[in-house]
Amino acid sequence: MLVLGIESSCDETGVALYRSADSAPATLPTGLLAHALYSQIAMHNDYGGVVPELASRDHIRRVLPLTRQILAESDCSLADRYGISYTQGPGLAGALLVGAGMARALAYALNIPAVGVHHLEGHLLSPLISDTPPEFPFVALLVSGGHTQLMLVEGVGRYILLGETLDDAAGEAFDKTAQLLGLGYPGGPALSKLADSGDDSRFTLPRPMLNSGDFDFSFSGLKTAVLTLVKKAGLDASADIAAAFQAAAVDVLVTKSLAACRYSHARRLVVAGGVGANTQLRKRLTRDAAVHGISVFYPRMEFCTDNGAMIAFAGAQRMAYAAPELTFAVRPRWDLATLEAV
Ligand code: KG4
Ligand code: ZN
C-alpha cells in the first residue's frame with residue numbers, strides 16, 4: 001500500500017510517500033518514493049524557542065504545497081491505492097491539529113483509510129527505512145529535543161521502557177547549553193560544531209547518574225554546571241566549554257546504552273531522534289559498541305530530526321488499524337509504552 005505521511009508536531013512540516021513491498025505489484029517502485037520538509041527554525045530563532053501559535057500557522061501554509069510537490073515528484077496521483085498517516089502526538093496541540101485535520105479531511109474526501117501514529121514510534125522505526133534494516137529485537141536510544149529514553153524493541157508496537165530522563169531531555173540540554181553560550185535556537189548542531197574546535201580535556205564536567213546502576217538519565221545538573229563554568233571561565237572559553245559538555249553528555253549516553261544492551265542481551269542498538277545526528281555520539285558509540293560485539297544502526301542523517309518519512313513508514317506498519325471516522329483527536333501527551341503490538 002502507498003502511504004502519505006504527514007508530520008507537524010513541532011517546528012517542521014514533513015510529508016512523504018512510502019510504498020510497502022508486501023502487496024505492491026512488481027512493476028511499481030517500493031520503499032520511500034518521495035519526501036519533503038520545511039523547517040521553521042529560522043522563524044523561531046528570533047524568539048529563542050518555538051512559538052506554538054506561529055508554528056501552527058506556518059504548518060497550515062506549508063502542508064498542502066509540500067504534499068502537491070511530493071505527489072508530482074513521485075508521479076503518484078490520488079487515484080492510487082492510498083492510506084494516510086499523521087502524527088497524532090506527542091507534540092504541540094495546535095501544530096498536531098494541522099496535520100491531523102488535513103489527513104482526516106483528505107481521507108474522508110477520497111474515501112481512503114487514515115491512521116494517527118506516535119511521533120516517537122516514528123523516530124524509533126526510522127532506522128528501518130533502509131536497504132539493510134536491523135532485525136528485531138534491538139535496544140533503541142531515543143534522543144530528541146523532548147525525550148530521552150532507552151527502550152527494548154521486540155517488534156512494531158512491542159516496546160519495553162528500560163530507562164528515561166528524570167528531568168531535561170538530551171536535546172534540551174544541548175539547546176540550553178547552546179543558549180548559555182549565545183548560540184541561538186535550536187543550539188544542538190551549532191554547539192556540536194563549536195565543540196569540534198574546542199579542547200575537551202581543559203574542563204571536566206560531571207557525568208550525572210553514570211554509575212546509578214539503572215538506565216535513567218539526568219541532564220539538568222549538567223546544565224547548571226555549565227552555567228557555573230561560563231561564569232568562572234567566561235565566554236572566551238566557549239569552544240572548550242562546549243567540548244566539555246558534549247564529552248560529558250556523550251559519555252553518559254554511550255555508557256548507559258551499552259549497559260542496556262548487555263542487560264537485555266541485545267546485539268543491536270538503534271539510535272534515533274535529533275541528537276542521533278551528533279557526530280561525536282556516533283563516533284563514540286560505533287567504536288565502543290564494536291568492542292562489545294554490538295552493531296549500531298542510525299537513520300539516514302536527514303531522518304534523525306523530525307521528518308515525514310518516519311511517519312509514512314510507521315503509518316505503513318499500522319494501516320490495518322486505520323479508522324474510517326471523520327472525527328479525530330490529537331494526543332499532545334502520549335506514553336509510547338501504551339501502544340499495542342501490530
Ligand atoms: O527529534 P527532533 O528533531 O525533535 C524532537 O522530536 O524533539 O530533535 C531535535 C533536537 C534539538 O534539541 C536539537 O538541538 C538536537 O535534536 N540536535 C542535535 C544535533 N542535531 C539536532 N543535538 C546535538 N548534536 C546535533 N548534531
Ligand atoms: Zn522528533
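At q = 0.16 Å⁻¹, what log₁₀ I(q)/I(0) does segment 136-298 have when each alpha carbon counts as one equal point scatterer in the Debye sum?
Here log10 of I(q) over I(0) equals -0.84.
So if I place +1 on the C-beta of Lys and Arg and -1 on the C-beta of Asp and Glu, and nothing else carries charge, what would the dipole magnitude of segment 136-298 be about its Cα centre? I want it in debye, nearest 20.
Rounded to the nearest 20 debye, it is 340 debye.
Assuming R0 = 45 Å, can you tell me the calculated FRET efficiency for the pair ALA320 and THR224, based on Cβ-Cβ distance, to the nearest 0.05?
It comes out at approximately 0.45.
Could you tell me what % of all Cα pairs in segment 94-180 have separations over 16 Å?
For segment 94-180, the fraction of Cα-Cα distances above 16 Å is 65 percent.
Spelling out what I want: for every residue of segment 252-261, take phi, set θ = phi - 60°, compute 6.51 cos²θ - 1.76 cosθ + 1.60 (Karplus), and round to whole Hz; glycine and proline get x.
Taking θ as phi minus 60°, the curve returns 5, 4, 5, 4, 5, 5, 5, 5, 5, 5 Hz for segment 252-261.
Just the number, please: carbon plus sulfur as a percent of the accessible area of segment 136-298, 1.4 Å probe, no ligands or DNA/RNA counted. Please list the in-between numbers first.
On the way: 3480 of 6620 Å².
Summing carbon and sulfur atoms, their accessible area is 53 percent of the total for segment 136-298.
Please give every one of the aspartates and glutamates within straight-line cross-link reach of LYS256, meaning a C-alpha to C-alpha distance under 14 Å, and leave out same-chain neighbours fewer than 8 residues apart.
GLU164, ASP214, ASP216, ASP288
Dipole of segment 1-132 (Lys/Arg Cβ +1, Asp/Glu Cβ -1, origin at the Cα centre): which of LEU106, GLY89, THR67 lies farthest to the positive side?
Ranked along the dipole, the leading option is LEU106.
Of the residues ALA242, ALA289, ALA320, which exhibits the maximal mean-square fluctuation in a Gaussian network model of the chain defined by a 10 Å Cα contact cut-off?
Between ALA242, ALA289, ALA320, it is ALA320 that shows the largest mean-square fluctuation.
Roughly how tilted is helix 279-291, in degrees to the nearest 10 and between 0 and 90, from the longest Cα axis of the chain?
90
Keeping the other protein chains in place, figure out the carbon and sulfur percent of the accessible area of segment 74-113, with a 1.4 Å probe.
56
Going by the alpha-carbon gyration tensor, a ≥ b ≥ c the square roots of its eigenvalues, is segment 237-342 rounded (a/c under 1.5) or, if a/c is not under 1.5, prolate (a/b greater than b/c) versus oblate? Could the numbers behind the result be given before it?
On the way: a/c = 2.48, a/b = 1.72, b/c = 1.44.
Prolate shape, in that a/c is at least 1.5 and a/b is the bigger ratio.
Before I look further, what does the chain give for accessible area per residue, probe 1.4 Å, in whole square angstrom?
Working: 14550 Å² over 342 residues.
With all protein chains present, the chain gives 43 Å² per residue.
Post the alpha-carbon centroid distance, segment 123-156 to segment 72-119, in whole angstrom.
Comparing the Cα centres of segment 123-156 and segment 72-119, I get a distance of 23 Å.
For the chain, what does -39500 (n - 2.57) per DSSP helix run (n ≥ 4), summed and divided by total residues, give at 222 nm, in deg cm²/dmol to the nearest 500?
Rounded to the nearest 500, it is -12500 deg cm²/dmol.
Determine ³J(HN,Hα), in whole Hz, for all residues of segment 147-164 in sequence, where each value follows from phi through the Karplus function 6.51 cos²θ - 1.76 cosθ + 1.60 and θ = phi - 60°; x replaces Gly and Pro.
Result, ordered by residue: 9, 9, 9, 10, 10, 9, 9, 9, x, 5, x, 10, 10, 10, 6, 9, x, 7 Hz.
Under the rule of at least 5 residues apart or a separate chain, name every residue whose amide H is placed under 5 Å from the amide H of LEU2.
GLY83
For the pairs LYS193/LYS231; LYS232/LYS283; LYS231/LYS283, flag any whose C-alpha to C-alpha distance is greater than 27 Å.
LYS232/LYS283; LYS231/LYS283
Quote the charge dipole size of the chain about the Cα centre in Debye, to the nearest 20; the model charges only the Cβ of Lys and Arg (+1) and of Asp and Glu (-1).
It works out to roughly 220 debye.
Please determine, in degrees from 0 to 90 and to the nearest 10, the orientation of helix 93-110 with respect to the longest principal axis defined by the Cα atoms of the chain, where the helix direction is its Cα long axis.
The helix 93-110 is inclined about 20 degrees to the chain.
Can you tell me the 0 to 90 degree angle between the C-alpha axis of helix 308-318 and the longest principal axis of the chain, rounded to 10?
60
Over the chain, one equal point on each Cα, no solvent: what is log10 I(q)/I(0) by the Debye formula at q = 0.09, 0.10, 0.15 Å⁻¹?
Debye intensities relative to I(0), on a log10 scale: -0.48, -0.59, -1.23.
For segment 30-156, taking Cα atoms only, what is the radius of gyration to one decimal and the Dmax to the nearest whole Å?
16.4, 43
Send over the Kirkwood Rh of segment 232-278, from the inverse of the averaged 1/r over different Cα pairs, rounded to one decimal Å.
Radius from the Kirkwood sum: 12.7 Å.
So, in Å, what gap is there between the alpha-carbon centers of segment 238-307 and segment 1-67?
Computed from Cα coordinates, the inter-centre distance equals 26 Å.
The values are calculated or read from the model by the stated rules, or taken from the named source; none is laboratory data. Computed from a predicted model, the values in this text were never measured in an experiment. So basically every Cβ, Gly included, is an ideal-geometry build from the backbone, and we count neighbours across all protein chains shown. Heads up: the accessible areas ignore ligands, DNA and RNA and are worked out on the full protein's heavy atoms, side chains in. Shrake-Rupley method; radii C 1.70, N 1.55, O 1.52, S 1.80 Å.
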